[in-house]
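Each remark here refers to the structure printed beneath this line.
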């Protein structure tokens, strides 16, 4: 009888020890914001790597070729960190760009010469505006420190890309997205459809695949616009 009581006490102690561990594990799960940002920025990276390749292969202007190579290198490095972070947090990442991003890639594949350069620069400008917004949103609203740190690291790179794209657009005479009075980037200022990061259409969902996500493309109007240099 004493043995049974001891076993019962041991079982109770084991359960008491397991409960806090389980609770801690549950508390460590990344938020919806953090999860969707990782998924969305991964899709952005997949798009940028492909678009960078196309720029080097099909760009007419040497500036397009050179910037395409830069974007491919930077987004490849960024995605290594994204994948490592997602793996540590148990976040499953998409294995291909979003449908909208794939539609842009198809358009780029079908374009050539000056038309390709214009389409590439325009889509990259709009995409980087929204990617910057989403990254700023993650920095201000994210709760998982490793994801917030990733966004803080990514932001200067995305801003540099945007600045380089603005300079290239000005050189080629391509309209640059304007900002509204509220300070929100308005990619529609190009006079063309404004793609989400790599996407098409101003009403397209964020790269994370949901219109409710504060992921890339879902930045609020309180997010400051990228600076233009």
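The values are calculated or read from the model by the stated rules, or taken from the named source; none is laboratory data. Source: prediction; values computed, not measured. Don't worry about glycine lacking a Cβ; one is built from the backbone with ideal geometry, like all the others, and counts go over all protein chains shown.
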Practice problem: Would you mind telling me which numbered condition in (1) closer than 22 Å to residue 139 by Cα; (2) within 18 Å of the chain's Cα centre (by Cα) residue 88 fails? | Solution: (2)
Exercise. Only one of these is crowded, with 16+ Cβ neighbours inside 10 Å, within 22 Å of residue 175 (Cβ to Cβ) and touching a residue at least 12 places away in the same chain (Cβ under 8 Å): 85, 135, 81, 122. Name it.
Key: 122
Exercise. Sort out for me the helices (runs of 4 or more DSSP H) sitting completely within segment 1-103 that have 3 or more residues that are modelled with pLDDT of 95 or more and in contact with a helix residue (DSSP H, G or I) (Cβ under 8 Å, 6 or more places away or on another chain).
Key: 32-58, 62-89
Practice problem: With the condition kept exactly as written, say whether any residue in segment 109-126 is modelled with pLDDT of 95 or more, closer than 16 Å to residue 82 by Cβ, more than 13 Å from the chain's Cα centre (by Cα) and not in a helix (DSSP H, G or I). | Solution: no
Practice problem: Kindly indicate whether residue 129 is surrounded by 24 or more Cβ atoms within 10 Å (Cβ to Cβ), in contact with a helix residue (DSSP H, G or I) (Cβ under 7 Å, 6 or more places away or on another chain) and modelled with pLDDT of 95 or more. | Solution: no
